1. Apply the Karplus parameterisation 6.51 cos²θ - 1.76 cosθ + 1.60, with θ equal to phi minus 60°, to every residue of region 160-176 and state each ³J(HN,Hα) to the nearest whole Hz, in sequence, with x for glycine and proline.
2. If each of Q18 and L157 carries a label point 7 Å out from its Cα toward its Cβ, how far apart are those two points in nm?
3. Based on the Cβ-Cβ distance from L83 to A168, what FRET efficiency comes out when R0 is 45 Å, to the nearest 0.05?
4. As a test of the definition: which semi-axes, in Å, follow for the chain when you take the square root of five times each eigenvalue of its alpha carbon gyration tensor? Largest first, please.
5. Mind listing the phi-derived Karplus ³J(HN,Hα) values for region 43-53, rounded to whole Hz, using 6.51, -1.76 and 1.60 with θ = phi - 60°, and x for any glycine or proline?
Amino acid sequence: DENKIPNANITALFEDSQHRIWVGTELGLHLLQSDKNSFQSFYFDGENQHSLNDNSILSIAEDQEQHIWVGTPQGLNRIDAKLNVTRVVGDNKLESELINTIQIDDNGILWLGTSKGISRVEVVQKQASSTVEILQSINYSFDEQLTNTTFYQSSHLQSNGKFVFQSAASPIFFDPDS
C-alpha cells in the first residue's frame, strides 16, 4: 500500500532542502510524496545493485548537491536527485560499515559516527559509471578508551564548524580542524 509505510520502528526522520520527508525504518526507507499523500519506498534487493545495501536505516543526511546519504549496518548509500540509489563502494576503507550517524560539513566531507569511532570520508563519483567510491577515509580515536566507542544516531554540526556526536558514554565535542 503506497499510502502507508510498513509497520516497523521508525529509526530516522529527515527533511531535505526540498521539504520532502524521508522516513527510515527497520524495513526500508520511505519518501513522503506530499502532493500524492503517498510514500515511495526503497529497499534492499540482493538481485539489484541499485538498491539499498540493507533495509535497516540508521541515518539520513543531505549534501550541498542535494544527494541524500543513507547509513545502514552494511555501509553507506547515496540517492541522487532522480531518486536513483547507489551503494557506496570501498566500505573496506572504513573502520566499521555500521553507519549510525552522518554529518556533512561545508566542504562536502562526510563525517560518520560508526560502531568504532568517527570517520572523515571523501567520496568521488566515477565518471564512466554510476559508481560512488570512497576516495579517502580517516578514522578518529580520541584516546584508548574511545577507540572502539559506538556513536549513536545523535549528532550535530554546530554553526562554528564543530561537531557533537553522542557516544555510549557521553557527548563528544569534536573540532575537525584540531
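1. 8, x, 9, 10, 10, 10, 8, 9, 5, 8, 5, x, 10, 8, 10, 9, x
2. Using points 7 Å along Cα→Cβ, the separation is 2.0 nm.
3. Efficiency, from the Cβ-Cβ distance: 0.85.
4. 26, 18, 16
5. Computed from phi, the couplings for region 43-53 are 9, 6, 9, x, 8, 10, 5, 9, 10, 4, 7 Hz.
Read the figures in this text as sums done on the coordinates, not as results from a lab. On a predicted model such as this, the values are computed, not experimentally measured, just so you know. Neighbour counts are summed over all protein chains in view; Cβ atoms, including those assigned to glycine, are modelled from backbone coordinates with ideal geometry.
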